[in-house]
1. Within 10 Å, count the other beta carbons around each residue, average over each peptide in 64-74, 118-128, and list them highest first.
2. At 222 nm, what helix-only mean residue ellipticity would the chain give, in deg cm²/dmol to the nearest 500, using -39500 (n - 2.57) for each DSSP H run of four or more?
3. Identify which of Leu26, Leu150, Leu58 has the largest mean-square fluctuation in a Gaussian network model of the chain, with springs joining Cα atoms closer than 10 Å.
4. If I require 20 Å or longer along the helix axis, counting alpha carbons, and a Kyte-Doolittle average no lower than -0.5, what helices from the chain are left? Use full DSSP H segments.
5. Label points 7 Å out from Cα along the Cβ direction at Gln95 and Ile152: separation in nm?
6. Can you tell me how segment 124-165 classifies by the Cα gyration tensor, rounded, prolate or oblate, using a/c under 1.5 as the rounded cut?
7. Run the quick spin-label model on Gln24 and Tyr73: label points 7 Å from Cα toward the beta carbon, then report their separation in nm to one decimal.
8. So what's the net charge close to Arg107: Lys and Arg +1, Asp and Glu -1, counting the other residues with Cβ under 14 Å from its Cβ?
Amino acid sequence: MREMLRLQARYNQFANNNMLAVLQTLSPSDLQKDVGVYYTSISGTFAHILEGDIAILLGIINSYAPNPLDVKYLQDALASGLQNKSFESLIALRQEADRAIIELVDRIADFSEIKILSFPGVSFEKPIAQYFLGMLNHGIHHRGQIAAILDIMDVPNDFAGMLGM
């Protein structure tokens, strides 16, 4: 399981880096434009992916590691509100989060351990591996939304493809 999660975490980093290369070519107005998706814009969707990774993977799931990562910098950034940060700041946070997620895979002792993950109104009781995969798939889903927005804007993009790593 560890090798599969490491591969998925490395793919997450690879896809995010390729997505960032495309997004950095856009104007601030293109990044912020309300395009009718749930998180309004490319920037809003990008920040949402990062919020989930910091809060759940590098927050809750990190706490399950026998030797948790020191991610105070990321937690402080999340607490102060990612939606208010510059896109350049979000890029730096994304790159740090991706590095930490890969490192976290090596710090989890037992991915089959069952843990309870609760949010207001809902609780899950699942193996740590399932939470990890669920969050990495959450990023894939929202990167797909960003890719569709870019397609509609006629901006060439292709940041998927695990086989291209």
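1. Values: 64-74: 14.1, 118-128: 10.5.
Peptide ranking by packing, descending: 64-74, 118-128.
2. On the way: 6 runs with 92 residues, N = 165.
So the helix-based figure for the chain works out to -18500 deg cm²/dmol.
3. Maximum fluctuation in the GNM of the chain, among the listed residues, is at Leu26.
4. On the way: long enough: 2-23 (31 Å, -0.36); 87-107 (29 Å, 0.10); 128-152 (37 Å, 0.54).
Length and hydropathy pass: 2-23, 87-107, 128-152.
5. With each label placed 7 Å out from Cα toward Cβ, I get 3.0 nm.
6. Values: a/c = 7.19, a/b = 2.13, b/c = 3.38.
Oblate, because a/c is 1.5 or more while a/b does not exceed b/c.
7. 1.7 nm
8. Details: positive: Arg2, Arg6, Arg99; negative: Asp70, Glu103, Asp106, Asp110, Glu113.
With Lys, Arg at +1 and Asp, Glu at -1, the neighbours total -2.
The values are calculated or read from the model by the stated rules, or taken from the named source; none is laboratory data. Keep in mind it's a predicted model, so treat the numbers as computed, not measured. Note that we place each Cβ from the backbone using ideal geometry, even for glycine, and neighbour counts take in every protein chain shown. Surface areas here come from the heavy atoms of the whole protein model, side chains and all, with no ligands, DNA or RNA. Shrake-Rupley method; radii C 1.70, N 1.55, O 1.52, S 1.80 Å.
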